[in-house]
Amino acid sequence: MKNSINKIAVLSLLLAMILFASCEKDLDPEIYDRLAPSTFFKNEADAKAALTNLYTGMLEGYGGYGYGAMQASWVVQSSQTTDELICSWGDSGRWVKLNMLNFDDQFNVLTDHYTRLIPRVTNATIVLKNIDAVPMDTGMKKRYLAEVKALRAHMSYILYTLY
């Protein structure tokens with residue numbers, strides 16, 4: 001009996017603490033999934049984060065859409081159109097279409113690079129403009145700007161090569 005009274009007292013105390021505990025002032029949430037010029041590109045750490053994000057498109061997806069050895073890789077697709085590479089992994093027929101350059105509207109492997117890289121090229125252009133306005137060390141600013149330009153040029157080259 002005494003044990004159940006202690007449990008009830010503890011539960012009552014916890015319930016009272018939950019119900020009557022509150023903050024003294026309003027909480028201001030920090031929103032991490034929306035970036036705006038008023039909240040981002042204010043310092044070198046923001047510029048580095050934006051630059052680092054541009055690298056994410058190079059090896060994403062199954063087997064690496066960039067440098068992987070899978071059918072979706074732009075390196076593989078570029079090599080197959082020049083007869084440097086013939087592959088027939090699996091029996092799905094998708095490699096046969098790629099080997100013979102015989103495509104239909106269901107063969108979206110060829111358009112994936114376009115739909116993935118066009119927004120990244122646009123993003124690189126936006127990052128390039130915004131990094132230029134960030135107050136930081138001149139040497140680091142030149143480095144970041146050069147990296148953004150090189151990444152944008154590389155992604156544009158891929159698009160130019162395939163499309």
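Please work out how much accessible surface Lys48 shows to a 1.4 Å probe, ignoring ligands, DNA and RNA, in Å² rounded to 10.
120
Roll a 1.4 Å probe over the protein heavy atoms and report the accessible area of Asp28 in Å², nearest 10.
Spelled out: Asp28, probe radius 1.4 Å, area about 130 Å².
Of Ile18, Ile126, Ile118, which has the most accessible area and how do the rest follow, probe 1.4 Å?
Ile18, Ile126, Ile118
At a probe radius of 1.4 Å, what is the per-residue accessible area of Leu27, in Å² to the nearest 10?
Roll a 1.4 Å probe over it and Leu27 shows about 140 Å².
Out of the total accessible area of region 114-163 (probe 1.4 Å, heavy atoms of protein only), what percent is carbon and sulfur?
59
The values are calculated or read from the model by the stated rules, or taken from the named source; none is laboratory data. Every value quoted in this text rests on a predicted model; they were computed, and no experiment measured them. Accessible surface is based on the protein model in full, side chains and every heavy atom, while ligands, DNA and RNA are left aside. Shrake-Rupley method; radii C 1.70, N 1.55, O 1.52, S 1.80 Å.
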